[in-house]
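Working notes, beginning with the structure itself.
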Amino acid sequence: MGSPSPIARGEYPRISIVTPSLNQGDFLEETLSSVVAQGYQNLEYVVIDGGSTDDSVSIIKRHAAAIKHWVSEPDRGHADALNKGFAVTTGEIMAWLNSTDVYYPWTLETVADIFRDLPEVEWIQGVQSHIDFGLQPKEVGQGFCNRYDLLVRNRTIQQESVFWRRSLWERAGGQLDDALRLACDYGLWLRFSRHAPLYHVGTILAAFRHHEDRRGYVLRDDYDREARQLRDAERALLSERDRTRVALVTCLGRRGEHRASTLLAKSRLLDWYRYARVDYDFSQRKWRVG
């Protein structure tokens, strides 16, 4: 399949966002508000609640006018809820926002500008940011990742700040693996990375919320176990050339982990190991590939 068709200048591409949730009433209002309050004129928002017994449904109903589709019913887990949500979407741009995380007021317009102006960009990640029980960022830092990083270690991609084109989603199978209890995001990133580089955008797009009941904390060992299985399976599919490259990145990781691989990417000594970027050109007033 060829490159995605460019979006006409001035058009607002349809953006489809899915929020899966289960008993997150303490945070759900802020999550939903962060999406619908942006006023993005071509938003397709879907909320899949897993049959919550707290006040989640009443919160969803307050925002029902801005939500294209929502249900509250039992599902088979996180990936199943997301697949159920994405199945009713039609947008050119896709993403999901978990029910404790938030977007920033400029997120959707920024994402639309990037995908409209840069047809070669198929998926992006914003600068990583973290919040706790308020909405002010407590920590901000650029995290970089490419396919080889994913194949060597579980390098962090901030899921809530990732957006992608539907054409990439379809080439990568058109669904998340619902056999995975926890690492369905990592499995999707591995499949995306077969087809296109991840572009890193030089601004914050979403915030990850730290709280004590977060699945990623409580079940971290189980997540890492699933991720290792996915990584091993993906590496088994590699060509001899890519296996050699993975071995080199692995060696660098042992000698300095994140810092060594980041310096290698910045040096541009190896064309195959770099971090794709999207930066804002203030002189031209538009986003460009860096």
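Annotation: amide H of residue 127 within the under-5 Å range of 201, 203, 204, 205, sequence separation 5 or more or interchain, hydrogens built in the peptide plane.
Only one residue of 136, 205, 244 has its Cα farthest out toward the positive end of the dipole of segment 102-290, where Lys and Arg carry +1 and Asp and Glu -1 on Cβ, and that residue is 244. Each 10 Å bin from zero holds the following percent of Cα-Cα pairs in segment 102-290: 8, 33, 39, 18, 2. At q = 0.09, 0.15, 0.22 Å⁻¹ the log10 of I(q)/I(0) for segment 1-133 amounts to -0.27, -0.73, -1.37, computed by Debye summation with a single uniform scatterer per C-alpha, solvent ignored.
Based on Cα contacts under 8 Å between residues 6+ apart, segment 14-100 shows a relative contact order of 50 percent. Rounding to the nearest 20 debye, state how big the charge dipole of the chain is about its Cα centre with +1 on each Lys and Arg Cβ and -1 on each Asp and Glu Cβ. Roughly 1320 debye, rounded to the nearest 20.
Coordinate-derived values only; no laboratory data. Please read all numbers here as calculations on a predicted model, not as lab measurements. Neighbour counts are summed over all protein chains in view; Cβ atoms, including those assigned to glycine, are modelled from backbone coordinates with ideal geometry.
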